[in-house]
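Asker: Just passing along the structure, written as structure tokens.
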Amino acid sequence: MKIATYNVNGVNGRLPVLLKWLKLARPDVVCLQELKSPNEKFPKDALEKAGYKGVWHGQKSWNGVAILSNKYDVEELGRLLPGDEEDVQSRYIEAMVNGILICCLYLPNGNPAPGPKFDYKLKWFARLNERANYLKKRKLPAILIGDFNVMPTDMDVYKPERWIKDALFRPEVRKAFKQLAGKYWTDAIRTLYPDEIIYTFWDYFYNSYSRNAGLRIDHFLLSPDLKKRLIKGGVDKQVRGWKKTSDHAPVWIELKTK
């Protein structure tokens, strides 16, 4: 079972890139972030023609998340991260797919930090931690998947000394990620590649992609039973080099079927 995550940075503007990658990679399940599209303008027909159906939670101009599959039914369970009913940003959606609870998320960026946006990020992280603890108690096969907007360690960022004050790398954020992962959830890509430099994002500026001056901010956190089923994973880095592409590359894992 191949599961992928991809921050598309505008699903309609990047649709040709997304469709090309889906045709080549053929993930069984894909989570998308930063749709930047209201629900009624989500490219449902084009994706269904490519073989993918699912659920999405859009928002005009900003945010937006989706869970799609070309093989399994996608049963939506919720589209609001518990803990703040007044939070209207489209950053979270849950669905059952082939017996696995997929939690697709787009965690706030948080810049500039300190400030209100950073405070919102930390509060959102705390709510995600509460949700993760709830899922832990239920012992469901689950994956927290998407753009976390955090580089967990120095290994996950090019020249970490330049990012110390950034909201993606501040100590509070790395601590929150560490608390979230804890002993229960497994960082799938880092588990597979404990000593390798791996990035999932390259800025559009300063020739970041050609210099491989990147960040690893797109993650899979697996529940214990899914960790046992983890076979392999990787980053489709070449997609970042395509024309009119996102500043993220797709990331994927493969799990053994039961």
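Every number in this text was worked out from the coordinates using simple rules, so none of it is lab data. Quantities reported herein were computed from a predicted structural model and do not represent experimental measurements. In this analysis, Cβ positions are derived from the backbone assuming ideal geometry, glycine residues included, and neighbour counts consider all displayed protein chains.
Asker: Based on the Kirkwood radius over alpha-carbon pairs, what is the Stokes-Einstein translational diffusion coefficient of region 57-164 at 37 °C with 0.692 mPa s viscosity, in µm²/s? Before the final figure, lay out the partial values.
Answerer: Working: Rh = 15.3 Å.
Translational D for this selection: 215 µm²/s.
Asker: Another question about this same structure. Quick one: 3J(HN,Hα) in Hz for region 185-194, Karplus 6.51/-1.76/1.60 with θ = phi - 60°, rounded, Gly and Pro as x.
Answerer: Ordered by residue, 3J(HN,Hα) equals 8, 10, 6, 4, 5, 5, 5, 6, 10, x Hz.
Asker: Can you work out the Karplus-derived ³J(HN,Hα) for every residue in region 139-154? Use 6.51 cos²θ - 1.76 cosθ + 1.60 with θ = phi - 60°, whole Hz, and x for glycine or proline.
Answerer: 6, 7, x, 9, 9, 8, 9, x, 8, 8, 6, 8, 9, x, 9, 4
Asker: Could you estimate the translational diffusion coefficient of region 103-195 from the Stokes-Einstein equation, with Rh from the Kirkwood formula over C-alpha pairs, at 10 °C and 1.306 mPa s, in whole µm²/s? Write down the numbers at each step before the final one.
Answerer: On the way: Rh = 13.9 Å.
Answer from the Stokes-Einstein relation: 114 µm²/s.
Asker: Right, here's the next one. Please provide three numbers in whole Å: the alpha-carbon extents of region 2-255 along the principal axes, with the largest listed first.
Answerer: So the extents along the principal axes, rounded to whole Å, are 46, 44, 38.
Asker: For region 203-258, I need the span (max minus min coordinate) of the C-alpha atoms along each principal axis, in Å, sorted largest to smallest.
Answerer: Ordered largest first, region 203-258 gives principal extents of 44, 18, 15 Å.
Asker: In the chain, once you exclude exposed chymotrypsin sites (Phe, Trp or Tyr not before Pro) (DSSP loop, at most 13 other Cβ within 10 angstrom), what's the longest stretch remaining? It would help to have the intermediate numbers written out before the result.
Answerer: Details: sites that count: TYR204, PHE205, TYR206.
That gives 1-203 as the longest site-free run.
Asker: Same structure again: Among the trypsin sites (Lys or Arg not before Pro) in region 30-90, which ones are in a DSSP loop with at most 15 other Cβ atoms within 10 Å of the Cβ? Mind listing them?
Answerer: Values: sites: LYS36, LYS41, LYS44, LYS49, LYS53, LYS60, LYS71, ARG79; in loops: LYS36, LYS60, LYS71, ARG79.
Those that pass, being in a loop and sparsely packed, are LYS60, LYS71.
Asker: In a Gaussian network model over the chain where Cα atoms closer than 10 Å are linked, find which of LEU24, LEU15, LEU168 has the largest mean-square fluctuation.
Answerer: Between LEU24, LEU15, LEU168, it is LEU24 that shows the largest mean-square fluctuation.
Asker: May I ask which of LYS23/LYS49; LYS227/LYS258; LYS36/LYS137; LYS20/LYS237; LYS20/LYS228; LYS237/LYS258 have a Cα-Cα span longer than 22 Å here? Please report the intermediate quantities before stating the final value.
Answerer: Numbers: LYS23/LYS49 11 Å; LYS227/LYS258 13 Å; LYS36/LYS137 34 Å; LYS20/LYS237 14 Å; LYS20/LYS228 31 Å; LYS237/LYS258 29 Å.
Checking Cα-Cα distances, LYS36/LYS137; LYS20/LYS228; LYS237/LYS258 exceed 22 Å.
Asker: Would you list which aspartates and glutamates come within 19 Å of LYS165, measuring only between C-alpha atoms, while excluding same-chain residues fewer than 8 positions from it?
Answerer: Counting by Cα, and skipping residues close in sequence, LYS165 has these aspartates and glutamates nearby: ASP119, ASP154, ASP156, ASP203.
Asker: For region 93-162, state which GluC sites (Glu not before Pro) are in a DSSP loop and have at most 14 other beta carbons lying within 10 Å of their beta carbon. Spell out each step's value before the answer.
Answerer: Details: sites: GLU94, GLU130, GLU161; in loops: none.
Loop-located and lightly packed - none at all.
Asker: Charges on Cβ only, +1 for Lys and Arg, -1 for Asp and Glu, centred on the Cα centroid of region 2-255; of GLY58, PRO194, PRO38, which one is farthest towards the dipole's positive end?
Answerer: The residue sitting farthest along the positive end of the dipole is PRO194.
Asker: Expressed as a whole number of Å, what is the distance separating the alpha-carbon centroids of region 1-67 and region 184-218?
Answerer: 21
Asker: Shifting gears a bit: What number, in percent, do you get for the relative contact order of region 2-255 if the mean sequence gap of Cα pairs under 8 Å and at least 6 apart is divided by its residue count?
Answerer: On the way: 559 pairs, mean separation 48.1, N = 254.
Relative contact order of region 2-255: 19 percent.
Asker: Would you work out the charge dipole size for region 1-136 about its Cα centre, treating the Cβ of every Lys and Arg as +1 and the Cβ of every Asp and Glu as -1, and quote it to the nearest 20 debye? List each step's numbers first, then the result.
Answerer: Numbers: 20 positive and 15 negative charges, 124 e Å.
For region 1-136, the charge dipole is close to 600 debye.
Asker: A further question on this structure: Based on the Cα coordinates of region 1-139, what is the per residue volume of their convex hull in Å³? All intermediate terms of the calculation are to be shown ahead of the outcome.
Answerer: On the way: hull volume 15.8 nm³, N = 139.
That works out to 114 Å³ per residue.
Asker: For region 102-161, run through the trypsin sites (Lys or Arg not before Pro) and keep only the ones in DSSP coil with at most 12 other Cβ atoms within 10 Å of their Cβ.
Answerer: Details: sites: LYS117, LYS121, LYS123, ARG127, ARG131, LYS136, LYS137, ARG138, LYS139; in loops: LYS139.
Those that pass, being in a loop and sparsely packed, are LYS139.
Asker: Share of antiparallel DSSP beta bridges in region 2-255, in percent to the nearest 5? Intermediate values should be presented prior to the final figure.
Answerer: On the way: 39 of 50 bridges.
Within region 2-255, antiparallel bridges account for around 80 percent of the total.
Asker: Magnitude of the Cβ-charge dipole of region 2-255, K/R +1 and D/E -1, about the Cα centre, nearest 20 debye? Write out the running numbers ahead of the final one.
Answerer: Working: 42 positive and 30 negative charges, 84 e Å.
So the dipole magnitude of region 2-255 works out to roughly 400 debye.
Asker: Calculate the translational D of region 141-258 in whole µm² s⁻¹ from Stokes-Einstein, where the hydrodynamic radius comes from the Kirkwood formula applied to all Cα pairs, the temperature is 25 °C and the viscosity 0.890 mPa s. Spell out each step's value before the answer.
Answerer: On the way: Rh = 14.9 Å.
Translational diffusion coefficient: 165 µm²/s.
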